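Asks: I have a structure I would like to understand better, so I am pasting it below and will then ask my questions one at a time.
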Amino acid sequence: MGILQTGNTFDNLNFKQGHSRKVWRETRRQWPAGGKITNVADWVAKGKIPAGTPCTYAVNKETGEKTIKCHTDEQIKAVGTGEGSAGIDSLGINGYTDRDTPIASAKTQATATAIRDGDIYEYMFDDDVAEILKANTKCPLVVFVL
C-alpha cells in the first residue's frame, strides 16, 4: 500500500503515485478532519477524489457524525449559473478537499478533510467549472488564484 497523507481509505489497495501538481497555494482553516465521504460510488470510475474537489461538509446534530459529499464536475455543471438554473449555492459547497483520496471500489470507506479558507490554484478546474464555482457564496474564503 502506498503512502496516504490526510484522508483515509480502508480497503486492499495498491496504487502508483506519479508527478503531482500543486493544488493549494495556502490553506488557512479547515473543517474538523475525518468526515466520512458519503458518495464514494460517484468516484469509482475516476479511481480517486482529487485534492481541491468542491465538497459539502456537514455534522449530524444528534449523533455528531461528520460527513462530506464531494461534487463531480458533471454535478456542478448541471446546476449552472444561468437564469432559471438552481445555481451553485444549491449544492451547499462549503469547502474543498485537502488531499487526493484513492477510491478502489464502491465499497471503499473513505474520509477527507475539507479546507474552508485558503488559496486554490484555478488551473485545477476546467474553465467552465471554475466560473461556476467562483459564483459560490457559501465558501467565500476559498479564493481562486492563477
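Asks: Any residue in region 134-146 that is of a type outside the set (G, A, S) sitting within a Cβ distance under 7 Å of a residue that is assigned to a loop (DSSP other than H, G, I, E, B) and modelled with pLDDT of 95 or more? List the pairs, counting only those 6 or more apart or interchain.
Replies: Listed pairs, sorted by first residue: N136/I93; K138/G92; K138/I93; K138/N94; C139/I93; C139/N94.
Asks: Any chance you could count how many residues in region 43-77 are under 14 Å from the mean Cα position of the chain (by Cα) and either under 18 Å from K138 (Cα atoms) or open to solvent by 70 Å² or more (accessible area, probe 1.4 Å) (or both)?
Replies: Total meeting the criteria: 19.
Asks: Sticking with this structure for a sec: On the phi > 0 side of the Ramachandran plot, part of a loop (DSSP other than H, G, I, E, B) and free of Cβ contacts under 8 Å to residues at least 40 places away in the same chain: does that describe G64? Lay out the reasoning, then the answer.
Replies: Working: on the phi > 0 side of the Ramachandran plot: yes; part of a loop (DSSP other than H, G, I, E, B): yes; free of Cβ contacts under 8 Å to residues at least 40 places away in the same chain: yes.
So G64 fits the description; yes.
Asks: Does I103 satisfy the condition of being aliphatic (A, V, I, L, M), buried (at least 22 other Cβ atoms within 10 Å of the Cβ) and closer than 18 Å to T137 by Cα? Working first, answer last.
Replies: Details: aliphatic (A, V, I, L, M): yes; buried (at least 22 other Cβ atoms within 10 Å of the Cβ): yes; closer than 18 Å to T137 by Cα: no.
No.
Asks: Which of (1) on the phi < 0 side of the Ramachandran plot; (2) part of a loop (DSSP other than H, G, I, E, B); (3) out of contact with any Ser or Thr (no Cβ under 8 Å at 6 or more places or on another chain) is the odd one out, the single condition A51 does not satisfy?
Replies: For A51, the exception is condition (3).
Asks: I need a count of the residues in region 76-109 that are without any contact (Cβ under 8 Å) to a residue 24 or more places away in the chain and in a helix (DSSP H, G or I).
Replies: Let us first name the residues in region 76-109 that are without any contact (Cβ under 8 Å) to a residue 24 or more places away in the chain, namely 78, 82-86, 90.
With the extra rule that they be in a helix (DSSP H, G or I), the set shrinks to 78, 90.
Counting residues in region 76-109 that are without any contact (Cβ under 8 Å) to a residue 24 or more places away in the chain and in a helix (DSSP H, G or I) gives 2.
Asks: Determine whether A51 is modelled with pLDDT of 95 or more and out of contact with any Gly (no Cβ under 8 Å at 6 or more places or on another chain).
Replies: Values: modelled with pLDDT of 95 or more: yes; out of contact with any Gly (no Cβ under 8 Å at 6 or more places or on another chain): yes.
It is true that A51 is modelled with pLDDT of 95 or more and out of contact with any Gly (no Cβ under 8 Å at 6 or more places or on another chain).
Asks: Of all the residues that make up region 106-146, how many are buried (at least 22 other Cβ atoms within 10 Å of the Cβ) and not hydrophobic (A, V, I, L, M, F, W, C)?
Replies: Total meeting the criteria: 1.
The values are calculated or read from the model by the stated rules, or taken from the named source; none is laboratory data. Nothing here was measured: the structure is a model prediction, and the numbers come from that model. We place every Cβ from the backbone using ideal geometry, glycine too, and count neighbours over all the protein chains shown. Surface areas here come from the heavy atoms of the whole protein model, side chains and all, with no ligands, DNA or RNA. Shrake-Rupley method; radii C 1.70, N 1.55, O 1.52, S 1.80 Å.
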